[in-house]
Structure formats: C-alpha cells, structure tokens
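The values are calculated or read from the model by the stated rules, or taken from the named source; none is laboratory data. Please read all numbers here as calculations on a predicted model, not as lab measurements. Reconstructed Cβ throughout: ideal geometry from the backbone, glycine too, with neighbour counts over all protein chains shown. In case anyone asks, the SASA skips ligands and DNA or RNA and just uses the protein heavy atoms, side chains included. Shrake-Rupley method; radii C 1.70, N 1.55, O 1.52, S 1.80 Å.
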Amino acid sequence: MIQNSEKSTAPKSFLYRLALVTLAIFALQMFSDNRADVDLWGNTGFVTHLPGTQGFHTQNTFSYSNPTYPWINHEWGAEYIFNRAFQLAGNAGLMLVKLALGAALFLILWKTIKRSQCSTPTAFLYMALTVSTLGYGFGTRPHLFTFALIAGLLYVLKFYPGRGWIWWLPLVGMIWANLHGAFFIAVVLLVLMSTLEWLPPSVHRSTDRLRQRTLLPVVTVAFIAATFVNPYGHHLWDFIFESAGLMRPYLSEWAPFNPITDASDHTDFLALIALTVAALCLSKEKHDRTWLIILALVFASALGMRRNIPLFAIVAVFVVPEHLGNVLDPHLSRFKDGLLRRVALCGLILFAAVSLTFTFGKPSVANHRTQIEIDPEKFPVQAMTLLETHQVKGNALIYWDWAEYGIWHLYPNCKVFMDGRLRSAYD
C-alpha cells in the first residue's frame with residue numbers, strides 16, 4: 001500500500017508542477033499585452049507629485065474648457081505609482097508594475113483553486129479559463145490594483161474568517177481608496193456579507209465563520225471610515241455616489257454585454273458561464289448561499305457592463321472550483337496514469353510552447369516586449385511629434401481618444417477641450 005501511494009504521488013506531483021508552470025507562462029502572455037490604450041498617458045502623466053505639494057492638480061488645469069473645475073482624481077495613487085515606475089525605468093517600469101499585479105492576482109487565485117481540493121486537471125482547466133477571461137482589459141490601468149485587492153479581500157473572507165487578518169481590512173480600505181475609486185465594490189461586498197451572515201445558514205458554519213458574523217459589521221464600519229482618509233475627504237464619496245451608477249454605453253467597456261455582437265471577443269467568458277452553471281447545477285456538494293448570492297450579483301454586473309467581466313471571473317474562483325471538481329474529478333482521474341497521462345503531459349508542453357511564441361515571438365513596434373506599442377494607425381504619432389518639436393502653443397481641439405496623448409506631449413503649451421476623465425474633471 002505504501003509503495004502504491006508513492007508511485008501515484010510522484011507523477012501527480014510532476015503533473016502539478018508542469019501545469020503550474022504552463023499556467024504561469026499563459027498568464028504572462030495574457031497579462032503582458034503592451035499595446036497602448038487611450039488612457040495610458042493620463043494614467044502615467046496626470047499625477048507627478050504627492051497631495052499637498054504644488055504639482056498635485058486639484059483643478060482641471062489640463063483643459064481650456066473647464067480649467068478651474070474641481071478635479072476629483074479617484075485613482076491618483078495608482079497613477080502616481082505608474083508615473084514613478086516610468087520615471088525610474090521607462091516603459092519597462094510600467095510593464096513590471098502591471099506584471100507584478102498580475103502575478104499577485106495569479107497566485108491568490110491559483111492558491112484558492114487548489115484549496116478547493118479539486119484535481120490538478122480540473123484546477124488547470126478552470127484556472128486557464130479564468131486567466132483568459134482576465135486578459136480582457138489587462139492594460140496599464142489603475143483598476144489592476146482593484147483586481148488584486150478584491151482577490152486578496154475575498155481570500156481573507158473565505159479562508160480566514162474571524163481571525164486576526166480581518167482587522168487589517170480598515171488599513172486596506174484607506175490604501176485602496178487612494179489607489180482606485182472601485183474601492184466602493186469592497187464596501188458593497190462587506191456590507192452584503194455582514195448582512196447575509198446573520199441569515200439562517202445554508203451550510204454548516206465553522207467557529208471562525210460564526211465569529212466573523214459578529215466582527216465583520218465592526219470591521220466594515222472601520223473600513224468605510226478609513227476610506228475618508230484621502231486628499232478629497234468626503235468629496236471622494238460624493239463623486240462615487242454621483243458617477244458609479246451612470247451608464248456610458250458610448251464607451252465599449254462600459255456597454256452591456258451583448259452575447260450576439262460580443263461573443264467573438266468573450267468566448268472565454270461564455271465558456272466560464274457554461275462551466276459555472278453546469279458545476280453549480282450538477283454538483284452534490286452543499287452550496288453556500290452567501291457566496292452564491294455574491295456571485296449572482298457580480299454576474300449581473302458583468303452582463304450590465306463589460307468592464308466587470310474580470311470581476312466575475314475573480315469572484316467565481318472562490319465559489320465554483322469545489323463544485324466543478326465534484327462533477328469532473330471522477331472523469332478526469334484517468335489522466336493520472338497510462339497513455340492519457342502522457343497525452344496530458346504533451347498537451348501541457350505544447351500549450352506552454354504556444355504561449356511563449358505568442359508572448360515573445362511577435363515583435364512590437366519598438367521591436368522589444370518591454371516597450372509600449374503605440375499603433376500609428378490609431379494615434380497621430382507624426383502629427384503630435386511635429387507639434388511638440390515646433391513647440392506650438394494654444395488651445396487644441398483634439399479627438400476624444402487622442403486627448404490624453406495630446407496632454408502628455410503638448411501640455412502646458414497646449415490645453416485640450418475635453419478628455420477621458422469625464423465627470424471627474426468636467427461639469
């Protein structure tokens with residue numbers, strides 16, 4: 001019996017390590033996209049100084065249409081980090097920050113999936129689909145901090161309820177509120193969980209879960225109070241209440257998900273939905289009502305706004321894998337030995353090779369993976385260079401998608417009419 005156990009453990013351990021390496025390579029491919037988006041220059045150049053110093057902008061000084069309008073920069077902290085990274089290491093610094101956040105997110109989600117006790121093949125399948133779904137919108141943008149922080153928050157609530165870790169959440173709230181305005185999602189999550197935990201349980205609750213039921217409301221209040229420690233005080237919350245519910249269907253990522261027109265861009269999301277529904281319906285494991293309600297609400301938000309699709313993928317990791325394992329593991333156990341195991345190993349190696357090819361085999365415009373690729377077909381590269389070289393001065397009427405690019409190159413000689421900051425900087 002001991003010998004058989006040793007024989008079965010060794011190949012499983014090797015398969016696990018190979019699967020993890022393959023997933024890491026795939027994540028590198030999905031998270032290292034170096035194409036510039038329209039907000040790159042604002043996210044990197046708007047905040048060059050800390051609050052309280054002369055160079056910290058509190059008014060819309062980049063625009064000539066609303067130059068004195070109060071600017072609530074709800075992501076100033078993330079933009080300052082991006083700016084410092086660029087000043088220290090150029091475009092490579094921006095890529096390193098993005099990849100570091102991607103690595104933190106990857107590790108939290110992988111550890112979560114493995115704690116669900118599902119088999120390595122099931123874990124690999126679900127993690128690969130999750131990483132692919134997260135690839136949507138994984139640019140150099142402040143919401144990456146929210147992705148990592150929401151995963152960390154869910155991990156603490158899922159696996160360390162009622163323990164010492166929960167008392168760190170108010171400090172996290174203060175930091176989060178200064179990094180990215182989506183900290184309000186954490187507030188909604190904490191309030192919702194504080195309420196749902198007092199309902200009659202649908203599954204057996206551990207001692208820690210019962211302790212969390214008492215502690216979480218207190219921690220939630222402290223979390224909310226800590227978010228007021230920011231350069232704008234209560235005005236940040238005023239902005240959140242005013243803008244969070246506004247729909248912006250004219251922006252593609254703010255538009256509702258349309259399964260007909262968006263299917264080709266989000267096949268991974270559709271596959272994730274199918275796996276989620278199948279796992280929850282067919283699993284014989286008991287369902288935790290609190291987490292199911294949270295998952296359902298996040299799913300509704302993803303359908304209502306495409307930019308929330310990655311959030312659904314993150315939350316689903318904390319709910320679905322244990323049920324998916326209950327359904328798939330009996331069928332995938334055949335991959336542990338024999339011919340199917342060798343096929344699985346070859347498949348992993350091929351997958352890793354293809355990911356590496358897509359990651360490093362396609363040269364960017366700068367012919368270097370650590371450089372940001374600025375597509376001259378999408379941005380007026382030559383025109384902007386001409387204006388900057390000749391130090392043209394005056395008010396510039398610049399197309400919406402080019403405005404922040406124009407601010408980066410032409411300010412303070414030129415100010416723009418309007419840019420992508422929308423309601424945070426314009427009336």
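Observations
- Flag if GLY152 is closer than 27 Å to ALA36 by Cβ, of a type in the set (Gly, Ala, Ser) and surrounded by fewer than 21 Cβ atoms within 10 Å (Cβ to Cβ): no
- Candidate set from region 32-80 (those that are part of a helix (DSSP H, G or I) and in contact with a Gly (Cβ under 8 Å, 6 or more places away or on another chain)); member that is modelled with the highest pLDDT: GLU79
- Residue tally, condition of a type in the set (Ser, Thr, Tyr) and either open to solvent by 70 Å² or more (accessible area, probe 1.4 Å) or touching a helix residue (DSSP H, G or I) at 6+ places or on another chain (Cβ under 8 Å) (or both), over region 45-65: 3
- Candidate set: region 1-31, residues that are of a type in the set (S, T, N, Q) and at pLDDT below 90; chosen: the one most open to solvent (accessible area, probe 1.4 Å): GLN3
- Residue within region 351-367 that is on the phi > 0 side of the Ramachandran plot, at pLDDT below 95 and part of a loop (DSSP other than H, G, I, E, B) present: yes
- Residue satisfying condition, being crowded, with 18+ Cβ neighbours inside 10 Å and at pLDDT 95 or above, within set PHE318, PHE335: PHE318
- Per the conditions (1) assigned to a helix (DSSP H, G or I); (2) open to solvent by 30 Å² or more (accessible area, probe 1.4 Å); (3) closer than 30 Å to PHE46 by Cβ, the sole criterion not satisfied by PRO231 is (1).
Let's see how each residue does on (1) more than 16 Å from VAL315 (Cβ to Cβ); (2) open to solvent by 40 Å² or more (accessible area, probe 1.4 Å); (3) modelled with pLDDT of 95 or more:
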position: LEU88; (1), (2), (3): yes, yes, yes
position: LEU94; (1), (2), (3): yes, no, no
position: THR112; (1), (2), (3): no, no, yes
position: ALA123; (1), (2), (3): yes, no, no
position: GLY139; (1), (2), (3): yes, no, no
position: THR146; (1), (2), (3): no, no, yes
position: LEU157; (1), (2), (3): no, no, no
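- Residue check: ASP419 meets all listed conditions (1) outside any helix (DSSP H, G or I); (2) open to solvent by 40 Å² or more (accessible area, probe 1.4 Å) but one, namely (2).
- Residue count for region 247-300 under the criterion of being part of a helix (DSSP H, G or I), surrounded by 17 or more Cβ atoms within 10 Å (Cβ to Cβ) and under 19 Å from the mean Cα position of the chain (by Cα): the result is 8.
- Only helices (runs of 4 or more DSSP H) whose full extent lies in region 121-224 are considered here, and the ones with at least 2 residues that are more than 27 Å from LEU303 (Cβ to Cβ) and in contact (Cβ under 8 Å) with a residue 40 or more places away in the chain are 169-179.
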